[in-house]
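To start, the structure itself, in C-alpha cells.
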Amino acid sequence: MLRSPVIIALDWDAFYCSVEEHFNPELKKIAFAVKQKGIICTCNYVARALGVKKLQLLVDAVKQFPDLVIVNGEDLSRYRDASKELWYFAREMVWGGKVERLGFDELFLDVTDMIDFNIALLDDLHVPPASSHPVSTFFFRMSKEDPSVGFSCPVSSVAGNMAAGSLPGDFEGDNLRLVLGSHLCHYIRSQILDIKGYTSSGGVSINKTLAKMAGSSHKPNQQTVLFPEFAQDFLDTYDIGRIPWIGHKSKSLILDAIYKGTDSVNHTMEGARDATVFNVRHLASKQLFVNILGQSSGDKLWNLLHGVDQTAVQPTSDMPTQISIEDTFKSLTDLIEVHNVLRRLTYSLLDRMYIDLMDSNGDWLGHPQTARLSTRPRSTGYYGPRISRSESLPSIVFSSSHSRDYIVDYLVDRCWMPLFSKLIGDAKIFDVVLLNVAVVNIEKAPTKSSDITSFFGKKRYTDDNELDVVHRAESPVTKRAKVVGEYADLEVAHFNFLGEDDEDVIFEEDSYDEPCVVCGQRMISFALEAHMRFHELGD
Ligand code: TTP
Ligand code: MG
C-alpha cells in the first residue's frame, strides 16, 4: 500500500520578539512590538492579548497603546543567526537532515523514514494500536543504531490538538503514522524549548501545506495534527487568502473571475465576496483556475484547495545559493550618494560572505562566481520590476592579503559603479528607489580551498550583456536586507519594511501616498501589500 509522507511544520512563536527576549529576558513580562520603519512587523503575545496586531502601522499602534514598548528590528543579523541555530538544532534530530527552511522562522521536517522505522518496530511488538488500549506505550527510537535513544509515548492518543477536533475512524495506516508523528513533533518541540529556549507551533500532516495550516490553527506553543479524512472540512472554512502560497494577487484574480458578471454592486467590494475555500471550490473549476492563473499555478492552487500538495520537503543546503544585500529609498538621484550606499552595502555583503561562506579556519567553503547589481527605477514604482546587470566577481574578494577596506573600495569602484553606469545607460539624470548588491552562482569550494587561482581559472564568464528582470527569488540576505528575499519564489505573507533609508522614521501623514482599499488608511506604497495581509489575517 502506498503510504503518505509524514510532515511536521514548525513555526517559531513571535519569532523576532522571542529573539529579543532571549537577549533581554525582562521583555518577556511586558507588551512589546518589533518595528521595521513604519510597521509593527511582530509583537509578543502579551501585546497581542491587549489587541496589538502584527503588521499594524506603527503610528496606529502607539496611538492606541501608548504603553507599548517598541524595539527596533531593522538589524536582521540576530534574527538570522538565531534562525540558523534553531534550524541546525532541529536538523540534527531528523534522519537524513530532511529539513527545509522557509524564511527565518519556519521549518518543514520530512520524518517519514523515522515513522516507517518505528511503525515496523511497533508491528513487531504487536502493541495494540487501538484507541481501546489507552495505556499502550511505545518507545519511539530516534536512532537506528542506538536503541536507548528516544522517548516513550502512548500510541493510543494524539499529542496536542486535532484539527477539526475529532479522532479519526481508526488508528491504523496513515492515521497511526500521524499519531506517532504527533509524538515526534512534541518531542522535537520540547527539545528545542528545553535546550534552546524557543517555543514553537507545530503541525503534523501528510503534506507541507496541511501541516503548516494545522500548525497555525493553534498558537502559540501548541501543536496540531490534521488527519487526511478531516482535511477538506478543515480547509473549507478558511478564506482562500489564508492558504499558504495563495497571494493577494491570485486571490483577487480568482474572486474577480468567480464574481464576474454578478449584478450586485457589493460583489465588487473585496470584503463582500465570499472567499471561503468551500465557496470557491463550488463556484470555480480547475479549468477556470488554469485559465486565469496558467497551467502550473492553476493546477497547483486548485489542488491546494483540496488538500493536495505534492511538493517534497527540499532540504535546505548549508551553502546559500546567493547572498544579497539591499536597501530602498524614496528617491536616489545623486551619483555620490549611490557610491556611498554601495560602499555601505558592500561592507555588509562582505560580512555576510565571511559568516556564510567561510569556515572557522578562515577557509572558503563556497565561491560566488558572479557579482550582480540590481536597481529599480522610481518611474516603475516601489513594487515595479527590478533590472540588473552582472559580471564576474573579482577574485580579490577572496584575498587574505588585502584589507577589508581595500576590497570594499575595489568592488565599489571596479565592479558596482561600472555596473550601475550600464544600468542607467546614457542617462545622466536618474532616479532609483532600490540598490541591491549580490554575489550569485556560489560553487562549493574544492576540498582543499587553498588553490583558488586554479579554481577560478576553470570557470570564468560574464553575462554583462544580459539585462534581466529579477523578481523576488533572491535569497539569503542580511542586516540591511529585505526579508522578502528570504522567502523563496512563492507568493508569501512576509514583507520587510526596511523600505526607506537608514533613518528611524515614523512617516508623516503627507508622505503616505496610497490608500488601503479596505480601511482607507493611506500609507507608503511598499507597505500596502503587507498591510493587506494584516486585514486578511483578521483577528
Ligand atoms: P511570523 O511567523 O508570521 O510571525 P511571528 O513568528 O512573529 O508570530 P507567530 O507567533 O504568529 O508565528 O513571522 C516570523 C517573523 O518574520 C516575525 O517575527 C517578524 C518577521 N516578519 C516580517 O519581517 N515581515 C512580515 O510581513 C511578517 C508577517 C513577519
Ligand atoms: Mg512565527
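Under the condition of being within 16 Å of ligand 1 (Cβ to nearest atom), of a type in the set (Asp, Glu) and over 30 Å from Val308 (Cα atoms), which residue from the range 1-42 is most open to solvent (accessible area, probe 1.4 Å)? Across the range 1-42, the extreme among qualifying residues is Glu21.
Whenever a residue of the range 82-95 is open to solvent by 10 Å² or more (accessible area, probe 1.4 Å), its partners that are among the polar types (S, T, N, Q), lying with C-beta atoms within less than 7 angstrom and at least six residues away or across chains, give the pairs Met93/Gln191. Condition test on Ala49, is it at pLDDT below 95, away from ligand 2 (no atom under 16 Å from the Cβ), open to solvent by 30 Å² or more (accessible area, probe 1.4 Å) and among the small types (Gly, Ala, Ser)? Criteria not met by Ala49.
When you check Glu100 against the structure, is it part of a strand (DSSP E or B), over 23 Å from Asn24 (Cβ atoms) and at pLDDT 95 or above, yes or no? So Glu100 fits the description; yes.
Of all residues in the range 217-231, exactly one satisfies the criterion of being away from ligand 1 (no atom under 16 Å from the Cβ) and either basic (Lys, Arg) or open to solvent by 50 Å² or more (accessible area, probe 1.4 Å) (or both), namely Glu229. Looking across the range 272-295, the residues that are open to solvent by less than 40 Å² (accessible area, probe 1.4 Å), in a helix (DSSP H, G or I) and farther than 17 Å from Leu235 by Cβ come down to Val290, Leu293. Please go through the range 391-405 and pick out each residue that is over 31 Å from the mean Cα position of the chain (by Cα) and aliphatic (A, V, I, L, M). Answer for the range 391-405, where residues must be over 31 Å from the mean Cα position of the chain (by Cα) and aliphatic (A, V, I, L, M): just Ile396. Listed by position, the strands (runs of 3 or more DSSP E) contained in the range 1-90 that have at least 2 residues being more than 30 Å from Thr112 (Cα to Cα) are 32-36, 39-43, 69-72. Looking at Thr237, Thr224, just one residue is among the hydroxyl-bearing types (Ser, Thr, Tyr), more than 19 Å from Glu100 (Cα to Cα) and touching a Gly at 6+ places or on another chain (Cβ under 6 Å), and that residue is Thr224.
The values are calculated or read from the model by the stated rules, or taken from the named source; none is laboratory data. Because the structure is a prediction, the values reported are computed rather than measured. Note: ideal-geometry Cβ built from the backbone for every residue, glycine included; neighbour counts use all protein chains shown. Protein only, heavy atoms only, side chains kept; ligands, DNA and RNA dropped before computing areas. Shrake-Rupley method; radii C 1.70, N 1.55, O 1.52, S 1.80 Å.
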